[in-house]
Amino acid sequence: MSFLLDTNILSAHLRRPSGLAHRFVQYSGRLYTSSVVLAELFVWAYNRPDPATVLETIDRLLFEDVSVLDYDRECADEFGRIRIQLRRSGIEIPTADLLIASVALVFDLTLVTHNTSDFRSIPDLRLADWLTP
């Protein structure tokens, strides 16, 4: 099984690498994130008084352990399909969450997030929470 790591998982790992280190070792070579999540991490970094430190940490920790999947046409197609399916059921999901979920679905990855409630309504999406014991 391979995993797509959400923003909250990666930011927790960046703040305290020892907290999730065992998962990163356990699933080495099977950890991914999306360019959407990477964009959110850059927002987090540039919002800090000293972004250089966080940017360096992102480069050092993430790019050694995590592969970045680009958000492409197939992901965009999946996003549109799911957005309409959910809307027809009266369900609205935040755009960024649905963008991330579409990557997980296209690449057949389990989404690792601490915000599982935000994603539960998305059909066929596998979820895991590595921050809850």
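Values in this text are rule-based calculations from the coordinates and carry no lab data. Because the structure is predicted, anything quoted here is derived from the model rather than measured. Here Cβ is always computed from backbone atoms with ideal geometry, including for glycine, and neighbour counts include all displayed protein chains.
With +1 on each Lys and Arg Cβ and -1 on each Asp and Glu Cβ, how big is the dipole of the chain about its Cα centre, in debye rounded to the nearest 20? Before the final figure, lay out the partial values.
Details: 13 positive and 18 negative charges, 69 e Å.
That gives the chain a dipole magnitude of about 320 debye.
Sorted by packing (mean other beta-carbon atoms within 10 Å per residue), highest first, where do 51-57, 94-100 land?
Numbers: 51-57: 13.6, 94-100: 17.9.
With the highest mean Cβ count within 10 Å placed first, the list reads 94-100, 51-57.
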Across S89, S67, S34, the residue with the highest GNM fluctuation in the chain (Cα network, 10 Å cutoff) is S89
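Could you work out the helix-only [θ] at 222 nm for the chain, with each DSSP H run of four or more residues adding -39,500 (n - 2.57) and the total divided by the number of residues, to the nearest 500 deg cm²/dmol? Please list the in-between numbers first.
Numbers: 7 runs with 70 residues, N = 133.
About -15500 deg cm²/dmol.
What ranking do R73, R126, R120 get, fewest neighbouring Cβ atoms within 10 angstrom at the top?
R73, R120, R126
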Identify, among A21, I82, W130, the residue whose Cα sits farthest towards the positive end of the charge dipole of the chain, taking +1 on the Cβ of Lys and Arg and -1 on the Cβ of Asp and Glu, with the dipole about the Cα centre.
W130
Quick check on the exposure proxy: order S102, S121 from fewest to most C-beta atoms within 10 angstrom.
S121, S102
